[in-house]
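Engineer: I have a structure I would like to understand better, so I am pasting it below and will then ask my questions one at a time.
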Amino acid sequence: MSRRSSNAWFVGVGVGGAKMNVSKSSTNVSNGSLAAPPFNSDLYTIKDPSDKIVLQADVGYRWHRDQSFIPYTSLYFQYRHYNSSNITGSVYQYSLPEFLNYNYRLTYSADLLTINGKLNLCDFNISCLMSLVVWVSSLIA
């Protein structure tokens with residue numbers, strides 16, 4: 001039975017949460033002085049950014065082939081909006097603890113537009129699973 005009629009446009013929306021995996025850390029930034037290291041750089045501490053909400057929308061097209069392997073392929077545009085998030089920290093001038101003169105707060109957001117492709121390796125059933133096991137085994141051997 002041919003399923004050519006399953007070629008279709010699709011639209012999706014989603015909401016989720018995101019957390020950057022930035023642990024408490026620090027980075028050195030040149031301060032422009034001609035002093036010997038480490039006094040020629042300032043130390044910026046970085047604290048964990050706040051959690052944020054992500055909004056997502058997708059639109060694309062899915063093609064169906066009546067075959068065991070790669071029965072579906074998709075091509076779609078995806079838009080993601082990352083709401084404002086805060087990163088805070090301190091600045092140690094000349095990398096010296098005595099010169100903790102500044103604190104900072106960076107607020108950022110992002111918009112991301114991508115073109116994505118997807119290949120389904122097989123419809124999930126036991127014969128497809130066994131075929132994949134045999135195929136992977138032949139690659140390893």
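Engineer: Within region 10-17, is there a residue that is assigned to a strand (DSSP E or B), closer than 30 Å to residue 135 by Cβ and not acidic (Asp, Glu)? Steps first, answer last, please.
Structural biologist: Kept after step one, since they are assigned to a strand (DSSP E or B), are these residues of region 10-17: 10-17.
With closer than 30 Å to residue 135 by Cβ added as a condition, the list becomes 10.
Narrowing the set further to residues that are not acidic (Asp, Glu) leaves 10.
Checked region 10-17: at least one residue is assigned to a strand (DSSP E or B), closer than 30 Å to residue 135 by Cβ and not acidic (Asp, Glu).
Engineer: Right, another one. What number goes with the only condition from (1) free of Cβ contacts under 8 Å to residues at least 60 places away in the same chain; (2) in contact with a strand residue (DSSP E or B) (Cβ under 6 Å, 6 or more places away or on another chain); (3) surrounded by 15 or more Cβ atoms within 10 Å (Cβ to Cβ) that residue 48 does not pass?
Structural biologist: If we test residue 48 against (1) free of Cβ contacts under 8 Å to residues at least 60 places away in the same chain; (2) in contact with a strand residue (DSSP E or B) (Cβ under 6 Å, 6 or more places away or on another chain); (3) surrounded by 15 or more Cβ atoms within 10 Å (Cβ to Cβ), just (2) comes out false.
Engineer: Looking only at region 87-141, which residues are in contact (Cβ under 8 Å) with a residue 12 or more places away in the chain, exposed (fewer than 12 other Cβ atoms within 10 Å of the Cβ) and of a type in the set (A, V, I, L, M)?
Structural biologist: If the condition is that a residue be in contact (Cβ under 8 Å) with a residue 12 or more places away in the chain, exposed (fewer than 12 other Cβ atoms within 10 Å of the Cβ) and of a type in the set (A, V, I, L, M), then 106, 112, 113, 115, 119 are the ones that fit.
Engineer: Shifting gears a bit: Looking at region 101-119, can you tell me whether even one residue there is part of a strand (DSSP E or B) and more than 30 Å from the chain's Cα centre (by Cα)?
Structural biologist: Within region 101-119, the subset part of a strand (DSSP E or B) is 101-119.
The next check asks that each one be more than 30 Å from the chain's Cα centre (by Cα); those that pass are 101-102.
Yes: one or more hits.
Engineer: Would region 66-86 turn up any residue that is surrounded by 13 or more Cβ atoms within 10 Å (Cβ to Cβ), over 26 Å from residue 132 (Cβ atoms), at pLDDT below 85 and out of contact with any His (no Cβ under 8 Å at 6 or more places or on another chain)? Working first, answer last.
Structural biologist: Here is the first cut: in region 66-86, the ones surrounded by 13 or more Cβ atoms within 10 Å (Cβ to Cβ) are 68-69, 71-74, 76, 78-83, 85-86.
Subsequent filtering for residues that are over 26 Å from residue 132 (Cβ atoms) retains 78-83, 85-86.
Next cut, at pLDDT below 85 only: 85-86.
Filter once more, so that each one left must be out of contact with any His (no Cβ under 8 Å at 6 or more places or on another chain): 85-86.
Yes, the conditions are met somewhere in region 66-86.
Engineer: Which pairs have Cβ atoms under 8 Å, sit 6 or more apart or on different chains, and link a residue in region 63-85 that is within 30 Å of residue 18 (Cβ to Cβ) to one that is among the hydroxyl-bearing types (Ser, Thr, Tyr) and surrounded by 14 or more Cβ atoms within 10 Å (Cβ to Cβ)?
Structural biologist: 85/50
Engineer: While we're on this one: Which condition breaks for residue 27 when tested against (1) in contact (Cβ under 8 Å) with a residue 40 or more places away in the chain; (2) under 23 Å from residue 108 (Cβ atoms)?
Structural biologist: So the condition that residue 27 fails would be (1).
Engineer: Quick one: residue 74 ticks every box in (1) part of a helix (DSSP H, G or I); (2) in contact with a strand residue (DSSP E or B) (Cβ under 7 Å, 6 or more places away or on another chain); (3) not aromatic (Phe, Trp, Tyr) bar one, so which box is it?
Structural biologist: (1)
Engineer: Of all the residues that make up region 40-61, how many are farther than 30 Å from residue 76 by Cα, within 23 Å of the chain's Cα centre (by Cα) and part of a strand (DSSP E or B)?
Structural biologist: 1
Engineer: State which residue is nearest to residue 38 (Cα to Cα) when the search covers only region 87-99 and only residues that are modelled with pLDDT of 85 or more and in a strand (DSSP E or B).
Structural biologist: Looking at residues that are modelled with pLDDT of 85 or more and in a strand (DSSP E or B), I get 92.
The values are calculated or read from the model by the stated rules, or taken from the named source; none is laboratory data. Here the structure is a predicted model, which is why all the values come from computation and not from measurement. Note that each Cβ is placed from the backbone with ideal geometry, even for glycine, and that neighbours are counted across all protein chains shown.
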